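The values are calculated or read from the model by the stated rules, or taken from the named source; none is laboratory data. Remember, predicted model here, so these are calculated numbers, not experimental data. So basically every Cβ, Gly included, is an ideal-geometry build from the backbone, and we count neighbours across all protein chains shown.
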Amino acid sequence: MTETTVHTEERLRLRKRIIGVLLRNARERANKTKQECADALGVSPDLIADYEAGEAEISLPELETLAFLFNCPPDHFWRQDADLIPEPDSPPISDVLTLRHRIVGALLRQARLEAGKTQKELAALIGRSDKVISDYEYGERPIPIVELELLAQALHIPIEHFLDAQRGPLGRIHREREINRRFEQLPIEIREFVTHPLNVKYLEVAMRLAEMEVDRLRSIAEGLLDITY
C-alpha cells in the first residue's frame, strides 16, 4: 500500500466521521428518530447509526433526502454554519432516491467525459474497480459522498454541481425554502410592498428592467429625462 493510498483512506475516514456528526446534529435539531430517517431512505435504523458514526458510506442523494426530512439546506453537511429552516408538513420524498442516484451518476459521467478522464483513472483515484465507476455513472450503485467529493475535486468541479438544484422535486423545494429564508431577512416595509397586490405591476417592470442590457437602460433613462424636461 502506497503512502498516497494511506493518506486517501485516512482522509475518507475523517470525512465520514465529520459528515456523521453533522448528520446526527441535524437529525437531533429536527427532532427526528433514526427510524424516521431509515423509513425515508428505505434502510435499517442500524445503517443510520452507522452513517452517524462514520462507519458506513452515505451517498449524496441520501444526504439530500435527509436534509429535506430535517428541513435544512443540503450544504449543511459541508458548510457547518448553514441555517436550519423549519418547515412543517413536508411531503414524502423516498420515491425520488432512485431518480437522484441516476442523475448524479449521469452528471459524473458527463463531467468525466468533458475532462477527458477514463473510468480506470477515476477508479484508481478512490481505490475502486472500473465496474464500480460504471455502476456509479449509471445510477446502479449509490456513490458515497466522501468518494463523490474526491471525484469532484479530480474533475475540477464543485460538489454543488451534483446537487438537485433545479432538476427535481427536492431541488425545487430547497429553492423555495431558500427564497423564503431570504424574504424573511428583508426589512418589513419591503416585504409589505412586495406582497401588496397593487404593487405587482411595479415589480414586473423592475424585473424586466433588471434583464435589460446597460445600453438599453441608459437609452430609456435618457428618454425619460427628455420627457421630464
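If you go through the stretch 17-35 and keep only what is touching a helix residue (DSSP H, G or I) at 6+ places or on another chain (Cβ under 7 Å) and farther than 14 Å from H76 by Cα, you end up with K32, K34, Q35.
If A124 satisfies all but one of (1) closer than 22 Å to L14 by Cα; (2) touching a residue at least 40 places away in the same chain (Cβ under 8 Å), what's the number of the condition it fails? (2) is the only condition that A124 fails. Of the residues making up the stretch 33-79, those that are surrounded by 16 or more Cβ atoms within 10 Å (Cβ to Cβ) and not in a helix (DSSP H, G or I) are V43, G54, A56, E57, I58, S59, N71, C72, P73, W78.
Collect the residues in the stretch 88-137 that are of a type in the set (S, T, Y) and at pLDDT below 90, keeping them in residue-number order.
Let us first name the residues in the stretch 88-137 that are of a type in the set (S, T, Y), namely 90, 94, 98, 118, 129, 134, 136.
Within the stretch 88-137, S90, S94, T98 qualify.
Residues are listed down the side, and each one gets a yes or a no for (1) modelled with pLDDT under 70; (2) part of a helix (DSSP H, G or I); (3) farther than 30 Å from R102 by Cα:
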| position | (1), (2), (3) |
| --- | --- |
| I173 | yes, yes, no |
| N180 | no, yes, no |
| F193 | no, yes, yes |
| K201 | no, yes, yes |
| A206 | no, yes, yes |
| R216 | no, yes, yes |
| S219 | no, yes, yes |
| L224 | yes, yes, yes |
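So which residues in the stretch 156-165 are crowded, with 21+ Cβ neighbours inside 10 Å and either not acidic (D, E) or not assigned by TED's automatic domain parsing to the domain that holds I58 (or both)? The answer is F162, L163.
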